[in-house]
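The values are calculated or read from the model by the stated rules, or taken from the named source; none is laboratory data. Note that this is a predicted model, so its numbers are computed, not measured. Reconstructed Cβ throughout: ideal geometry from the backbone, glycine too, with neighbour counts over all protein chains shown.
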DNA sequence: GCCTCCATGTCAAAATTATATCACAGACTT
DNA sequence: AAGTCTGTGATATAATTTTGACATGGAGGC
């Protein structure tokens, strides 16, 4: 297992410093932000993390609003979030958990407790996160690297597989050509190329062997979308 | 390998009927209970199962309480449990996983996904078991360090043996080249090397002495997979 | 409705890459 | 020394990916 990336949103430098010390190990990597806005900027740059520690008392954007935004975003909604606030601030705690935070910890807290909670939440999310993605009659089993369409195994090449997995992970959302190219290929340039269309075509035709339904939809001018409904 | 017994706790008859259809095969046998209490009664009668599919919305005993009980019982604590609940019931999901459930699936779900999850969890639990790994006609006896193919002993060299064992432990799952190299050799560097292919080749040809079937499949761009099916 | 533009779709050949195979050499065992 | 076991390049083979030329078809302007 590779390093777990932790995003910390905390304006008090002396505290975020503590986090960095606490999680300075083989197992974790910390990135601190003073404001929630900075974190969202990081997400826009396609940065990823395994868990977020979010202080609710923040300058700028309110912590609970940040939480709402995180849970609303397709790519961020499944990241576990631990909210942090001053002791006794029962209202924030309850509201935060209601908004979808996964855990709560009150200041002041012991580092050991925090580490334990972080580990527990990461374990949970990876456990349930599932090696299996399923939409309609299509199932991708990532552990086995197999794809079933209405029960029939379909042989996909590596790129086709990555492409399908990406689209299904973002199911119902349009994925930009650009995003696809960055994720599946590592293109830094997006010059005219028919490569992507090519793979979409072969993916479609392989899926069509066993299903009538159209799963991969073209969104003209933007990209592609995977969805079981027309 | 004998039939895997699945206990299903589900009060909705139309759904438990689906389970029976989905798992009606050589590989599985299903027993349905409408209430958790009925399942415990079965356990009291010394009935056994390999996995439990537990709906959390139940009449009578609460699903989470049943889960606690199962995890508390000496004879039931190690049975993998997949919990089922309505989509978006995030709280139950998290709590269930905290209480020791092994996997989670949201209603409504596709049968293929369910089957895949059941298989994955059964595999996980049997893996932990013993000194003897057996898939199809191939058996690795780790205690004696011997390998049988369709009853015939095959002489393997050390690397071949480690390689085979690794692949069989992860049976049906793709193992990355990288992982193999780390596990069998202790490469930290993964430059171009034909060493692995070499050993795969000799392993294949040794197995082929006594069986027609292909057990070691290459997954181009990823690694290798051991599996008795195609 | 018709036309044009431009993003996509399609095709087959060509290029690239991953894996398989071979032959051999050093290291170790017996 | 003869016999394994292992690792390494060179080379072969097979599979996948890319590309460029060309076709198609949707959206807006007329």
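Quick look at the values:
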{"item": "Unique residue being more than 14 Å from DNA strand C (Cβ to nearest atom) and at pLDDT below 90 when the list is A:188, A:178, A:212", "result": "A:188"}
{"item": "Residue match in region A:63-83 (condition: more than 23 Å from the chain's Cα centre (by Cα) and more than 20 Å from residue A:170 (Cβ to Cβ))", "result": "no"}
{"item": "Test result for residue B:177, within 14 Å of another protein chain (Cβ to nearest Cβ), surrounded by 15 or more Cβ atoms within 10 Å (Cβ to Cβ) and under 19 Å from residue B:135 (Cβ atoms)", "result": "no"}
{"item": "Failed item, numbered, when residue B:172 is tested on (1) within 14 Å of chain A (Cβ to nearest Cβ); (2) within 11 Å of DNA strand C (Cβ to nearest atom)", "result": "(2)"}
{"item": "Conditions (1) crowded, with 20+ Cβ neighbours inside 10 Å; (2) within 24 Å of the chain's Cα centre (by Cα); number of the one not met by residue B:58", "result": "(2)"}
{"item": "Residue ID - farthest from the other protein chains (Cβ to nearest Cβ), chosen from residues in region A:155-169 that are crowded, with 19+ Cβ neighbours inside 10 Å and closer than 21 Å to residue B:226 by Cβ", "result": "A:156"}
{"item": "Qualifying residue in region B:77-94 (condition: at pLDDT 80 or above, outside any loop (DSSP other than H, G, I, E, B) and within 11 Å of chain A (Cβ to nearest Cβ))", "result": "yes"}
{"item": "Counted residues, region B:5-31 - those being outside any helix (DSSP H, G or I) and closer than 13 Å to residue B:84 by Cβ", "result": "7"}
{"item": "Residues of region A:43-55 that turn out to be surrounded by 15 or more Cβ atoms within 10 Å (Cβ to Cβ) and assigned to a helix (DSSP H, G or I), as a count", "result": "1"}
